[in-house]
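Have a look at the structure below, then the notes.
The values are calculated or read from the model by the stated rules, or taken from the named source; none is laboratory data. Predicted, not measured: the structure shown is a model, and the values here were computed from it. Here the Cβ positions follow ideal geometry from the backbone for every residue, glycine too, while neighbour counts run over all protein chains shown. We work out accessible area using only protein heavy atoms, side chains counted, and drop any ligands, DNA or RNA first. Shrake-Rupley method; radii C 1.70, N 1.55, O 1.52, S 1.80 Å.
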2 protein chains.
Amino acid sequence: MLKADPSATQVVSVARALELVELVVHGPDEGLSLAEIARTTNRSKSAILATLRTLVDFGYVRSIEPGPKYLPGMTLIRFGDLTAVKDPLGAIARPILTELSGESGLTIRVARNVGGFPVFIERVDGPGVVRFHTPLGARELPHVSSAGKAILAELSDSEIREVARECGLVSRTKKSITTVSELMAEIEKVRHDGFAIDDEEDVQGIYCIGAAIFDHFGKCIGAISATGVRRDLTPAQVNRLGKLVMKYADQVTDQLHGRKSVRGGK
Amino acid sequence: MLKADPSATQVVSVARALELVELVVHGPDEGLSLAEIARTTNRSKSAILATLRTLVDFGYVRSIEPGPKYLPGMTLIRFGDLTAVKDPLGAIARPILTELSGESGLTIRVARNVGGFPVFIERVDGPGVVRFHTPLGARELPHVSSAGKAILAELSDSEIREVARECGLVSRTKKSITTVSELMAEIEKVRHDGFAIDDEEDVQGIYCIGAAIFDHFGKCIGAISATGVRRDLTPAQVNRLGKLVMKYADQVTDQLHGRKSVRGGK
DNA sequence: TTTATCCATTCGGTATTGCCGAACACCGTT
DNA sequence: AACGGTGTTCGGCAATACCGAATGGATAAA
């Protein structure tokens, strides 16, 4: 299945430039100076300066005087937004996420199924004061996220084992699932309930509830998930919220002219 | 003020790579093929392939089989989100935008003041069914947007003329302001009211209402704007909405420990 | 004041490397 | 079977990205 060596970067200078972007994006809020960047990358200041100038030209990086210090640029916001808007799943899901967020008061996200891993592409924050990091665009761990479990539940058991092997079932909190047998039991529960739960398995104090989304082939193309703080949650609400999230996930599936899969269960 | 020639790109191969990203981002939803990209850029397929491989490695572009076709990648979403989240203005504004969106039912955005031009960095969609393009990260026209007018109103008259000269006061609809004298009269009204209106001046059928945000120096660092469809708007609502948007803008200013400027009016 | 140390920036020279074009394999259609 | 259209590989040349030294400025220490 794997075609060629995946990490065979071809254009070295472009790769180095993109590493700079990564550095700046993850850098401190005040920005990075040229010397700092040159030092951490072990490259000459002149080379870094030339690359930064190009990145600034294209808006990937912006420089602020005096200093100058370098910060992430507006083009990143622009292209990120364009990418999310162009995605048909995101376009369909957005108003539905807004509605679910309003009804539940929680932060709602929609993830795309990328090889069994959830990648969140869109988010609608709830009206609450509490905020937490719910990043977009990153490949999340499938076994400690509700969206991940919802997606896994639609795979065959052998595929689940493959994904589990790939991510290593690393532990994130005391409650994280770390063995295949535990995972299989959990998935069986998800298949029965129709929705998945992450009960502080990724981040302490945070829970998520997720449900799968399907295309017109009945293939699971992603999931919706709702995120909240654990202390606000009573056991009675779990089932209510689960049904609610499932209802809205089904709405997305409908809008995509999709249909829920009759699970093969190979 | 302008330091050096702005469009002096330094690293050609990086620039070419970023042009590729731009091409893919603005490309069709089904994606672009290698041959198509090579044709439209007048470059060899081999060079394009090498660059695309690098971009795919870093997630700026993703390739889907069969074809393969090339589409915008998840890293764009990830970095765009990170950039917006890191921005202190965006971080402060987000929950307030959510609240205002809930109270008004409109789409709310917050823009940063970039040299007199508004650049929107964050958006919260309203619960309505109607959707429209409210892009993020792009430098918008100041004279046909409410956020732009709200920002302009905090500049000196000579600075406004400078910005007007820079953007050329291009017309977008029949109602667009196209002369400096019209603009000055409009700005004077904004200064009196405390909020700005875009009444179908940018897009037919769409109106916006905006109000400025200040830092602790009293400098205008951006603006909030609410967007809706014109037909839903009664004249009585304009004033009510204006006051509402202004109230929430002031909340953002407060959270930033800012204070409204005593306008110099040079 | 002088000295020192950091910084960003400019500029040539060198060798790294990105690019082209030809050739290939692989479909579909004609 | 021959064609036009893909995506892909590879070798060789020239473009060019890189480094390092040198400059000027800014700030801090002596």
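For chain A, the longest principal axis of the C-alpha atoms and the axis of helix A:12-25 are separated by about 70°.
For A:Lys86, the lysines whose Cα falls under 28 Å of its own Cα, not counting residues fewer than eight places away in the same chain, are A:Lys3, A:Lys149, A:Lys219, A:Lys247, A:Lys260, B:Lys45, B:Lys69, B:Lys86. Run the numbers on the range A:135-150: which residues show a drop of 50 Å² or more in accessible area, chain on its own versus all protein chains together, using a 1.4 Å probe over heavy atoms? Residues shielded by partner chains are A:Leu136, A:Gly137.
For the residues A:Ala91, A:Ala164, A:Ala223, a GNM of chain A with alpha-carbon springs under 10 Å puts the largest fluctuation on A:Ala91.
Note on the protein assembly as shown: along the principal axes its Cα atoms extend 74, 55, 41 Å, ordered by decreasing extent. Radius of gyration over Kirkwood radius for the range B:87-255, both on Cα atoms: the Rg/Rh ratio is 0.93.
Taking all protein chains together and rolling a 1.4 Å probe, A:Met246 ends up with roughly 40 Å² accessible.
Applying both filters, DSSP loop and at most 13 other Cβ atoms within 10 Å, to the trypsin sites (Lys or Arg not before Pro) of the range B:109-152 gives B:Arg131. Computed 3J(HN,Hα) for the range A:175-181, one whole-Hz value per residue from the Karplus formula 6.51 cos²θ - 1.76 cosθ + 1.60 where θ = phi - 60°, is 8, 4, 6, 10, 10, 5, 5, glycine and proline marked x.
Taking all protein chains as they are arranged and a probe of 1.4 Å, the heavy atoms of B:Lys45 leave approximately 120 Å² accessible to solvent.
Distances between copies at A:Glu159, taken between label points 7 Å from Cα along the C-beta direction, are 5.7 nm in increasing order. Our note on the geometry: Cα centres of the range B:94-137 and the range A:35-88, 25 Å apart. Once the Cα atoms are used to define both axes, helix A:88-104 deviates from the longest principal axis of chain A by about 70 degrees.
Taking 1.306 mPa s as the viscosity and 10 °C as the temperature, the Stokes-Einstein diffusion coefficient of the range B:12-76 based on its alpha-carbon Kirkwood radius rounds to 140 µm²/s. Inter-copy label distances for B:Leu49: 3.8 nm (label point placed 7 Å from Cα along Cα→Cβ; shortest first). Using a probe of 1.4 Å on the protein chains alone, the accessible area found for A:Arg191 is around 40 Å².
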